[in-house]
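Data block below; observations after.
Every read-out reported here was derived from the displayed coordinates using simple, explicitly stated rules and does not represent laboratory data. From a predicted model like this one, the values you see are computed outputs, not experimental measurements. With ideal geometry, Cβ positions are generated from the backbone for all residues, glycine too; neighbour counts draw on all protein chains shown.
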Amino acid sequence: MAASALLWALRAARQVLPSQTRSYYVDWRMLRDVKRRKLAYEYADERLRINAIRKNTILPKELQEVADKEIAALPRDSCPVRIHNRCVLTSRPRGVKRRWRLSRIVFRHFADHGQMSGIQRAMW
Amino acid sequence: STSSVLSTTKDGSTASTESTTKVASEDGAVETPKQKLLKMIGNMKVEVTTKRKFQQLKEQEIKKQDTNKQEGWDRESSTFQNTAEDIQRSEPLNPELVRAASAVASSFPHRREQAESELLAQLRRHEETTDKQRRGGIINIRNVISEMAVKKQSPAQRSMRVSNLMSLEMDEDGRRIKPGKPSSHSFDSGRSLKAGRRLNIFTKASPETENAMRTESLPTIWDLEFAKEIATVTEQPPRNGFEEMIQWTEEGILWEFPIDNEAGMDDGAEFHEHIFLEKHLKDFPKQGPIRHFMELVICGLSKNPYLSVKQKIEHIEWFRNYFEEKKEFLQE
């Protein structure tokens, strides 16, 4: 009993980490985007195969119509087109650089503090 | 052949040949009828050291020929005394062994009684040695150590030995390949831990506890949790950058260098399993648009280096199931 209590206390004390730990998504729009990404990953294979049947000149048209209906029946969030690359830290939908997944404001903030590796203020 | 061998021994050839031929004839003659008993004797013989065996064979020769033609055996008198002691021993031998000795001796055409007496003497000596080992349970270490002598070795020899042990093979990357066990520690001052006589100082761990450990059921959830807690509490932060990198490599955060392009991707399948996928098309119709379509699918899969063989087979199976379901639509 005492040993387990001691261990628990030690673990709680050890969990004070210096880096930022986020336990929530920044906002609901970010959460919805996360859901869309998960579903798109799940249904990726099926969508690929059904589309292979649809975009075809060899198979009969009836089959392709059936495939059309099938793909429309899949959940709407499973299509990858609905994913939008938002800023990872602020969930800003616009002005996001793809390489760093950050919005321009956050990027500038970190770069000025020297926390972006290899980034330097341009001067020429 | 045995008689001819024995006749040559009668002429008095050298000691070693006679002893070896005698041993050979013993083993050869009795194999067919009394195999078990002879095997017992044979097994017992293996434990005897060579020095003692030579002593015994010498004694037998002395009894047979009644001559003193041996060279440089200073222990003649002492062996005579030993044989006298052995014969006077009160403890009787195992009756089975006695029967076996008599059986072996009976197979000899000549010198039956002599052979029997010599075999029995040998057995008695062997029993004596095993008794001594049994009685000597608690060994006085002082006696043991006083007998041991330190072997001197020149430093050149020592360094050569150490360098021979640590093999100087180099991997391609310059990393040294070490032999399996670091047994170099056991070779200090020319001694080894494994060679040499056993001192019988330590007792082996009882096998009961080992069996009890093994028959335990699978570790419970509480045991796993406890183990996890201990691991998390005892882990120290890395002392330097190297340890940090080691930790990350073990977790999988850092790749292993030199970078292996196929890390985590190699499923161990040969190239022909990836390319020749026609065998999976058995259940499809051989003519028609579906076959055409599937052949295109297979052509595309064979050029795909990113999927494993299993995934490709699953792909083809999905199509098979799909077309099975849509059969009604296909029959126009």
Practice task
Holding the Cα-Cα limit at 19 Å, pick out from B:Lys282/B:Lys327; B:Lys282/B:Lys310; A:Lys69/B:Lys303; A:Lys35/A:Lys97; A:Lys38/B:Lys312; A:Lys55/B:Lys282 the pairs that are longer than that.
Solution key: A:Lys69/B:Lys303; A:Lys35/A:Lys97; A:Lys38/B:Lys312; A:Lys55/B:Lys282
Handout entry: Extreme residue, positive dipole direction of segment A:25-84, given options A:Ala72, A:Asn56, A:Tyr41 (C-beta unit charges)
Key = A:Tyr41
Fill in the blank from the handout: From fewest to most C-beta neighbours within 10 Å, the residues A:Arg32, B:Arg320, B:Arg142 line up as B:Arg142, A:Arg32, B:Arg320
Handout entry: Nearest-20 debye value, segment A:25-84 charge dipole, Cβ charges on Lys, Arg, Asp, Glu
Key = 220 debye
Exercise for the section: Taking the Cβ of each residue in A:Phe107, B:Phe202 as the centre, tally the other Cβ atoms inside 10 Å and list the residues starting with the fewest. Expected result: B:Phe202, A:Phe107
Fill in the blank from the handout: Each residue of A:51-60 has, on average, a number of other protein chain C-beta atoms within 10 Å of its C-beta equal to 4
Practice task
Find how many whole Å separate the alpha carbon centroid of segment B:290-332 from the alpha carbon centroid of segment A:94-124.
Solution key: 46 Å
Handout entry: Full-stretch length increase - B:Leu218, B:Ile246 - with 0.36 nm per residue and alpha-carbon distance subtracted
Key = 7.0 nm
Practice task
Obtain the nm distance between the two label points defined at B:Asp260 and A:Val88 by a simple spin-label model: each point lies 7 Å from its Cα along the Cα-to-C-beta direction.
Solution key: 2.7 nm
Practice task
Could you size up the charge dipole of segment B:271-331 around its Cα centre, putting +1 on the beta carbon of Lys and Arg and -1 on that of Asp and Glu, and report it in debye to the nearest 20?
Solution key: 140 debye
Exercise for the section: Over the Cα atoms of segment B:264-306, compute the convex hull volume and normalise it per residue, giving Å³. Expected result: 73 Å³
Handout entry: Relative packing of peptides A:70-80, A:84-94, B:258-268 - highest average C-beta neighbours within 10 Å first
Key = A:84-94, A:70-80, B:258-268
